[in-house]
1. Within a 10 angstrom radius of the beta carbon, how do V152, V277, V312 rank from fewest other beta carbons to most?
2. State the Cα centre-to-centre distance between region 226-277 and region 1-20 in whole Å.
3. Give me the extension gain from A273 to A233: residue separation times 0.36 nm, minus the current Cα-Cα distance, reported in nm with one decimal.
4. With both bridge residues required to lie in the chain, what share of the DSSP beta bridges run antiparallel, to the nearest 5%?
5. Once you wrap a convex hull around the alpha carbon atoms of region 3-171, what is its projected area averaged over all directions, in nm²?
6. Give me W20, W174 sorted ascending by neighbouring Cβ count inside 10 Å, so fewest comes first.
7. Mind checking the angle between helix 296-305 and the chain's longest principal axis? C-alpha axes, 0 to 90 degrees, to the nearest 10.
8. If the only charges are +1 at each Lys and Arg Cβ and -1 at each Asp and Glu Cβ, what is the size of the charge dipole of the chain around the Cα centre, to the nearest 20 debye?
Amino acid sequence: MRENTAVAVASPNIALIKYWGNRDDALRLPANGSISMTLGGLETITEVAFTEGRRGDALTINGRPASPDSLRRVSQHLDAIREIAGIGAGAQVRSRSNFPAGSGIASSAAAFAALTLAAAHAAGLRLDARALSRIARRGSGSASRSIFGGFVEWQAGASDEESFAALLMPGGDWPLVDLVAVVSRKRKAAGSTEGHALAATSPIQAARVADAPRRLAECRAALRARDFARLAAVVEHDSYLMHAVMMTSRPSLLYWIPDTVRVIQAVAAWRAAGLEVCATVDAGPNVHCLCAPAAAAGIGRRLRRLPGIVEVLRCPPGSEARLLPRFPSSAKPR
Ligand code: PMV
């Protein structure tokens, strides 16, 4: 029996300009383009072993058998890769992450970026980053961006061929720090796949999408100029716009808990007092506090003193998804 195995690692990302809602749910063609920073220090490592003649796939996450829903989603993604490679073999997949899943730290971005790279390689495909980004997108939209490190832009595109991410600026050009204020480790009630499908039920979505090119241009300009005040203004505005859409969808989605608001308000007060920090929230209660490099240590201390903080994860810009020689025998400590 022949086995073809590959192992890959990928990091999650925080969206500075958010993706919310699809123009095509099946292909995950987004309603608007988005920009993110890949998060260093957080990683998902995934091994894919295709075995000739094997029927069906198996999946373990952090050493435990995955739920039927997770296995179905992974199998669907493997089907897309098997189709491209022209193979029929079933796969044994194991995956391990060093950060909480399903709570607004883009766990699916890292998971599908690592799965795409490992599965494509194990299936014998040798694809460039653009092709990998297009495939990863179909597993989870934000995974298209986690194929790359540093600052990344996903252009919406009007077709499968046109919708992929690309490097916007290397992380080393402006080593911002994302301090993730974890206020809950609970799995969110509504997943983002469900949320994207509701976006169009909000009357605010059309206005959010129509204004996206302006916000994308503003974010690009702020990154290139390393202008923190300019970046903070557009990042916070964009986050509020997405949450306004979520809250006004039918049914409504409210990802915030009281501790989320406490952190957002503290960050606003610190910035008003002259500290270079801003807040953005993905589809979960945890608050990503983006800091200029020199401000990060002080902000970290202030965050840890706030009530309701479970932990603060410190993430500099991270690396692109890459292959590893083997699945490590124990998780790398953060
Ligand atoms: O990739 P998904 O389907 O998990 O959607 C991600 C949505 C947000 O994290 C809320 C925004 C974004 O652009 O990452």
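1. Lowest count first: V312, V277, V152.
2. Rounded to whole Å, the Cα centres lie 27 Å apart.
3. 12.9 nm
4. Close to 95 percent.
5. 8.9 nm²
6. Values: W20 29, W174 21.
So the ranking, lowest neighbour count to highest, is W174, W20.
7. The helix 296-305 is inclined about 80 degrees to the chain.
8. Around 800 debye, computed over the chain.
Computed from the coordinates by the stated procedures, all read-outs in this text should not be read as laboratory data. Quick caveat, the model's predicted, so the values are computed rather than measured. Methodologically, a virtual Cβ is constructed for each residue, glycine included, from the backbone with ideal geometry; neighbour enumeration extends over all protein chains shown.
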